[in-house]
There are 2 protein chains.
Amino acid sequence: MTRRRVLSAVGATGGVGALLRAMGVLGFAPTAGAQDPAYRAPRLSDLRQPRGPRKRVLVIGAGVAGLASVYELRKAGYDCVVLEARNRPGGRVWTVRKGTVETDVDGHTQLARFAPGQYMNAGASRIAPDMVTLDYCRELGVPIEAFSAQNANAYYVYEDGGSLSGKPVRHRTGKADMYGYMAELLTKATNRGALDQELTEADRELLLDFLRDWGDIDTSGEYTGSERRGFVVPPGAGERPGVVGDPFPLSDLLESGLGFRFSDEFDPFEAMPLFQPVGGMDRIARALVDAIGEHRITYDAVVQSITTSGAGVAVVFRGPDGRSRTERADYCICTIPPQILKKIPTNFSKAVRNALAAPVPVRAGKLGIQYGRRWWEEDDRIYGGTTYTDLDLTLVEYPSWGFHGKRGIIHGFYNFDAEAERYGDLSPAARLSRALSQGEKIHGPKFRRDVEASFSVAWQKTRYSMGGWTTWPGGSESGPRPGDPNYARLLRPEGRVYFAGDHLSHMNGWTAGAFLSARKVVGDLHARVVATG
Amino acid sequence: MTRRRVLSAVGATGGVGALLRAMGVLGFAPTAGAQDPAYRAPRLSDLRQPRGPRKRVLVIGAGVAGLASVYELRKAGYDCVVLEARNRPGGRVWTVRKGTVETDVDGHTQLARFAPGQYMNAGASRIAPDMVTLDYCRELGVPIEAFSAQNANAYYVYEDGGSLSGKPVRHRTGKADMYGYMAELLTKATNRGALDQELTEADRELLLDFLRDWGDIDTSGEYTGSERRGFVVPPGAGERPGVVGDPFPLSDLLESGLGFRFSDEFDPFEAMPLFQPVGGMDRIARALVDAIGEHRITYDAVVQSITTSGAGVAVVFRGPDGRSRTERADYCICTIPPQILKKIPTNFSKAVRNALAAPVPVRAGKLGIQYGRRWWEEDDRIYGGTTYTDLDLTLVEYPSWGFHGKRGIIHGFYNFDAEAERYGDLSPAARLSRALSQGEKIHGPKFRRDVEASFSVAWQKTRYSMGGWTTWPGGSESGPRPGDPNYARLLRPEGRVYFAGDHLSHMNGWTAGAFLSARKVVGDLHARVVATG
Ligand SMILES: Cc1cc2nc3c(=O)[nH]c(=O)nc-3n(C[C@H](O)[C@H](O)[C@H](O)COP(=O)(O)OP(=O)(O)OC[C@H]3O[C@@H](n4cnc5c(N)ncnc54)[C@H](O)[C@@H]3O)c2cc1C
Ligand SMILES: Cc1cc2nc3c(=O)[nH]c(=O)nc-3n(C[C@H](O)[C@H](O)[C@H](O)COP(=O)(O)OP(=O)(O)OC[C@H]3O[C@@H](n4cnc5c(N)ncnc54)[C@H](O)[C@@H]3O)c2cc1C
């Protein structure tokens, strides 16, 4: 039920796990933080002829993987050039602002008419503290601020959920009731001796104590409501102690299914707090470009063929002037998403071509709606965070910046798979229209009022992306199944061409995967240059 | 176990609750948001002689209650003056910066040597989205940013906790394990039929489904660890799927008591997200002062006596020049904390004097430590949030601003009651020294390194406060017991003197209580003026 759950979690039973256990690392050790603590960037001094001619590396794609590759290679002085099909850097790190123009593969053109200063992160939007992406923000001096993934005041709205159907329930309310009942049930079961096999007498006492606090149940072990639900009349001054409402019946809560969303906040990369670059996610791409030098990048350069040989790599591209040209280099790092690369003529082996055909693109869509009034703050007291719904909007996201401003952009939907396809098949105007009628079921008529502008993206129909990210068949959402030969093949270069991107990591769909993949191929390439001169 | 739990929660069974139920408001209604939606500020046009002579109101105390009183009264044109004992506005809204000097009642003088731009909120520091304080931030144009109360990467550290004693456990890890085991136990009990009385067959199936997701237990219903704990080896690029550690045994977790901290995040006013003014909590006081005009406030004016009569109020104070003077007005709003006011000579009735003697001051302390390196971010990946411990530090708070900067200030302790007293009885230097040796047990030797400056406050020893806040005997932490006659007495004016402050609300220890109390007395006073001319 969660959006982007990393499902693979290798148990600590064999391999690395066994090793670490033997080293005493597992068990009591606090969990690891930094994603790549042992990384060592390539250095000029590693090279046999540090003053000799620089190796030339052609990087295809100015997304995170491509830009980070150049950034790291530059640390050892490599001569790098980048070819990028779009007219901007960032790839799926894409911040839409006033004036952004995009034409999708269906031929729908949108021009963003957002107010100055307003923006929408159409692709990547948030960073977990443990991610290497945050290290790059620090290293590059990109200011960050908190991103609220969760919000106790946001809603669960389930249409297909029994007696709670269509009733917006605040997160804090749904959670207080569910946890209260769970505490009550577990208390009863414990007192009835149903768990005597599992619990010592000491455990039982400690567990009962804990449950009283955790579920806010009364001394008789019953859950009868709690101020944790929020107040019906909030506490105030004078004789106004605050009034809490009656809990929802357990059966209704279970039937609604809202509890399946609680676990989102336990996800290793979605637990609070999360972060975002101040001013838009593309500040990361911008900072990388500034660090490596914009002159190294050719925009509007669509790669049309790639040929690797013993002597080097030759890449044909259609340049900004519409004419085809060839760029040559000693090595190439190709970050074109596999679903696109597989269709580009190359002299790659069959094994590589098969491997490129394996990843399955994921459909994903987002709609930014600019309102002239921040009604979600003023009326609903929702400052950032996400409403979860089984309406086809899936997620409604409120902005974690610009609080108390005159206007703001909410994500009217952020959805995936069938829901993303449904909206993606509509025209941009029809997407907005459908989203407004759905959103009204959550927020009432104000969802329709004060709309000033909108912009939507269907990633499966977005040129040079053709998908939000990819999954490996038989793998999890975050990475391939163990031993996947296609994945393994793309980790190795094809002649002088290396492959990089989030799809070559166990962090599919995260910029961190793209960064780590870049570091890996840069390391591999550099080791080869060091070894072969 | 929680820090500041509102314990009073009036059940929705009688009184207002019954009324609301009859109106159909309880039950399905989403919980209320804004704390004071029906508030109506006094208006000039309410007065019988809107062009007549203005009533003069003397406000004692330039804390939130006093400043907000003036701010609201000015909306109807009242002639207001403020006497404030300190040399600054804000009272317990106090942001300590480079150059702040404070001498406590023991005679210890501290000069804050923090770097420019660094600050510490020594008193109030955070605002919940439902609080009226946030409405004032919007109305006054005080920019806000997220405040992380919780952080999945912060630690639980319990010394007196069995086999986990002294081992820092990340929040995410402790929670994943506890929730995993709870899901397992509840699954077992349900399957054993121990809850057949409570659950229909349909409920049982839905509950079991939910528990699998919520606890991340396997299909056989066992909890064997989860990536939600965090990774021992984080997932990366190439063949690095991420390794999770073994769960802690349930008995150890229960014995440690760390689970008692989970409920902090369910508190109606502590659930994420929370907010803080950008640049320090005193920006709120500053904005109020700017709105009402600094010239209305006399600082260094210590009130020495208050006399109310049929004709007006006479207040004697020792002015900045050390000389006593008398200020007269038609009415007075007195916001001096009760534990101080009770010792000031007045002609108040015995009932009022008794009432002022009732509230019990709470001891509270905070220590700001400025480090030359943000090691909690760089090494521990903790960006904001709180570490909970049974060490006498109680809470260690990491700053929710200045991320990735060169330096930062953490709260080495934020504690209450006996722990606050222990530190408060030490000299500022000895407080730091003790805190460093305790903090080392959490963070290791780096807690001692790179210390650049520090500043501590013991609220029970702070002049003109003499306590962090107060509690009413027999009441909860947030307000008085129902029907408390002392509380009721102070809600009514004594002659021409009105009383205000967070202690006269059901939000003790929150600026929102002070704001709401100010609104209440302003309303009462204005109604009287309207009625009596
Ligand atoms: C909706 C959505 C939400 C996301 N949310 C998050 C998030 O919250 N946090 C997070 O960290 N990550 C998130 N991600 C994932 C993140 O955006 C990606 O993992 C990362 O940006 C991938 O970088 P990349 O360099 O591997 O690929 P890309 O960014 O796709 O870069 C590939 C580049 O190749 C170029 N290209 C393609 N074809 C050609 C050609 N023929 N010739 C020349 N150039 C070509 C493309 O234009 C592009 O610039 C999200 C992604 C999406 C779509
Ligand atoms: C450690 C701590 C943490 C807190 N955390 C939060 C938080 O996170 N969020 C939140 O919203 N609230 C918090 N609070 C509570 C908040 O600070 C108070 O509720 C609020 O500031 C009280 O305002 P007040 O005007 O009622 O009282 P005060 O701020 O105490 O104002 C009273 C004023 O009267 C003055 N005075 C006293 N004696 C005299 C005299 N003889 N003559 C003249 N003037 C006098 C004082 O100097 C003071 O300025 C915290 C408080 C503390 C101490």
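The values are calculated or read from the model by the stated rules, or taken from the named source; none is laboratory data. Note that the structure is predicted; figures quoted are calculated from it, not measured. When we count neighbours, we look across all protein chains shown, and the Cβ atoms used for this are built from the backbone with ideal geometry, even at glycine.
Which one of the conditions (1) at pLDDT below 95; (2) closer than 30 Å to A:Ala500 by Cβ does B:Gly236 fail to meet, given that it meets all the rest?
Against the list (1) at pLDDT below 95; (2) closer than 30 Å to A:Ala500 by Cβ, B:Gly236 comes up short only on (1).
I'd like the full set of residues that are more than 9 Å from chain B (Cβ to nearest Cβ) and in contact with a strand residue (DSSP E or B) (Cβ under 7 Å, 6 or more places away or on another chain), limited to the range A:167-211.
The answer is A:Gly174, and nothing else.
Among the candidates B:Val289, B:Val278, which residue alone is of a type in the set (A, V, I, L, M), touching an Asp or Glu at 6+ places or on another chain (Cβ under 6 Å), closer than 30 Å to B:Pro116 by Cβ and surrounded by fewer than 24 Cβ atoms within 10 Å (Cβ to Cβ)?
Matching residue, one of B:Val289, B:Val278: B:Val278.
For the range B:53-74, give me each residue that is within 14 Å of chain A (Cβ to nearest Cβ) and within 11 Å of ligand 2 (Cβ to nearest atom).
If the condition is that a residue be within 14 Å of chain A (Cβ to nearest Cβ) and within 11 Å of ligand 2 (Cβ to nearest atom), then B:Val64, B:Ala65, B:Ala68, B:Ser69 are the ones that fit.
Return yes or no: is A:Lys167 more than 16 Å from ligand 1 (Cβ to nearest atom) and either within 18 Å of A:Phe455 (Cα to Cα) or in a loop (DSSP other than H, G, I, E, B) (or both)?
yes
Name the residue that is surrounded by the most Cβ atoms within 10 Å (Cβ to Cβ), counting only residues in the range B:448-479 that are away from ligand 2 (no atom under 15 Å from the Cβ) and within 14 Å of another protein chain (Cβ to nearest Cβ).
Per the criteria, the residue is B:Gly475.
Let's see how each residue does on (1) surrounded by 23 or more Cβ atoms within 10 Å (Cβ to Cβ); (2) in the same structural domain as A:His503 (by the TED database); (3) more than 16 Å from ligand 2 (Cβ to nearest atom):
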residue	(1), (2), (3)
A:Lys343	no, yes, yes
A:Asn354	no, yes, yes
A:Ile369	yes, no, yes
A:Asp379	no, no, yes
A:Ile382	yes, no, yes
A:Tyr388	yes, no, yes
A:Ser400	yes, no, yes
A:Lys406	no, no, yes
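Does any residue of the range A:99-118 turn out to be in a helix (DSSP H, G or I), in contact (Cβ under 8 Å) with a residue 60 or more places away in the chain and either within 15 Å of ligand 1 (Cβ to nearest atom) or within 11 Å of chain B (Cβ to nearest Cβ) (or both)?
No, the range A:99-118 has no match at all.
Go through the range A:409-434 residue by residue and tally those that are of a type in the set (A, V, I, L, M), touching a residue at least 60 places away in the same chain (Cβ under 8 Å) and away from ligand 1 (no atom under 16 Å from the Cβ).
Here the count works out to 1.
Residue-by-condition table, conditions (1) assigned by the TED database to the domain that holds B:Leu140; (2) free of Cβ contacts under 8 Å to residues at least 60 places away in the same chain; (3) part of a loop (DSSP other than H, G, I, E, B); (4) not aromatic (Phe, Trp, Tyr):
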{"site": "B:Ala34", "(1), (2), (3), (4)": "no, no, yes, yes"}
{"site": "B:Ala38", "(1), (2), (3), (4)": "no, yes, yes, yes"}
{"site": "B:Pro42", "(1), (2), (3), (4)": "no, no, yes, yes"}
{"site": "B:Gln49", "(1), (2), (3), (4)": "no, no, yes, yes"}
{"site": "B:Gly52", "(1), (2), (3), (4)": "no, yes, yes, yes"}
{"site": "B:Gly66", "(1), (2), (3), (4)": "no, no, no, yes"}
{"site": "B:Glu72", "(1), (2), (3), (4)": "no, no, no, yes"}
{"site": "B:Gly77", "(1), (2), (3), (4)": "no, yes, yes, yes"}
{"site": "B:Val81", "(1), (2), (3), (4)": "no, no, no, yes"}
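What single numbered condition from (1) farther than 30 Å from A:Glu440 by Cβ; (2) in a loop (DSSP other than H, G, I, E, B) fails to hold for A:Thr190?
Status for A:Thr190: all satisfied but (2).
Looking only at the range A:293-305, count every residue that is in contact with a Pro (Cβ under 8 Å, 6 or more places away or on another chain) and over 19 Å from A:Arg74 (Cα atoms) and tell me the total.
5
Being more than 30 Å from B:Pro129 (Cα to Cα) and of a type in the set (Gly, Ala, Ser) is the filter here, so list the residues in the range B:234-268 that pass it.
B:Gly236, B:Ala237, B:Gly238, B:Gly242, B:Gly245, B:Ser251, B:Ser256 - these are the residues of the range B:234-268 that are more than 30 Å from B:Pro129 (Cα to Cα) and of a type in the set (Gly, Ala, Ser).
Do any residues in the range B:258-284 that are free of Cβ contacts under 8 Å to residues at least 12 places away in the same chain have Cβ atoms under 6 Å from those of residues that are among the basic types (Lys, Arg), where the two are at least six apart or on different chains, and which pairs are they?
B:Phe266/A:Arg228
Between residues in the range A:497-524 that are within 20 Å of B:Val243 (Cα to Cα) and residues that are of a type outside the set (Lys, Arg) and within 16 Å of ligand 2 (Cβ to nearest atom), which pairs lie under 9 Å by C-beta distance while being six or more apart or on different chains?
none
Filter the range B:483-513 for residues that are within 11 Å of chain A (Cβ to nearest Cβ) and surrounded by fewer than 24 Cβ atoms within 10 Å (Cβ to Cβ); which is farthest from ligand 1 (Cβ to nearest atom)?
Top of the filtered list is B:Arg492.
In the range A:240-266, which residues are in a loop (DSSP other than H, G, I, E, B) and facing another protein chain (nearest Cβ under 7 Å)?
Selection gives A:Arg240, A:Pro241, A:Gly242, A:Gly245, A:Asp246.
Do we find that A:Asp130 is within 14 Å of chain B (Cβ to nearest Cβ), part of a loop (DSSP other than H, G, I, E, B) and either in contact with a Phe, Trp or Tyr (Cβ under 9 Å, 6 or more places away or on another chain) or not polar (S, T, N, Q) (or both) in this structure?
In short, yes.
For the range A:292-312, what are the residues that are surrounded by 15 or more Cβ atoms within 10 Å (Cβ to Cβ) and closer than 21 Å to A:Gly91 by Cβ?
Of everything in the range A:292-312, those that are surrounded by 15 or more Cβ atoms within 10 Å (Cβ to Cβ) and closer than 21 Å to A:Gly91 by Cβ turn out to be A:Ile292, A:Arg296, A:Ile297, A:Thr298, A:Tyr299, A:Asp300, A:Ala301, A:Val302, A:Val303, A:Ile306.
Quick one: count up the residues across the range B:260-276 that are touching a strand residue (DSSP E or B) at 6+ places or on another chain (Cβ under 6 Å) and within 13 Å of ligand 2 (Cβ to nearest atom).
Count: 3.
Any residue in the range A:135-155 that's touching a residue at least 12 places away in the same chain (Cβ under 8 Å) and more than 8 Å from every other protein chain (Cβ to nearest Cβ): show its pairings with residues that are among the aromatic types (Phe, Trp, Tyr) and not in a helix (DSSP H, G or I) at Cβ separation under 8 Å, as long as the two are six or more apart or on different chains.
Correct list of pairs: A:Phe147/A:Phe275; A:Ala154/A:Tyr388; A:Ala154/A:Tyr398.
Among A:Glu377, A:Glu265, which is the only one that is at pLDDT 95 or above and not basic (Lys, Arg)?
Going through A:Glu377, A:Glu265 in turn, just one is at pLDDT 95 or above and not basic (Lys, Arg): A:Glu377.
Looking at A:Ser148, A:Ser163, which one is polar (S, T, N, Q) and over 30 Å from B:Trp401 (Cα atoms)?
Going through A:Ser148, A:Ser163 in turn, just one is polar (S, T, N, Q) and over 30 Å from B:Trp401 (Cα atoms): A:Ser163.
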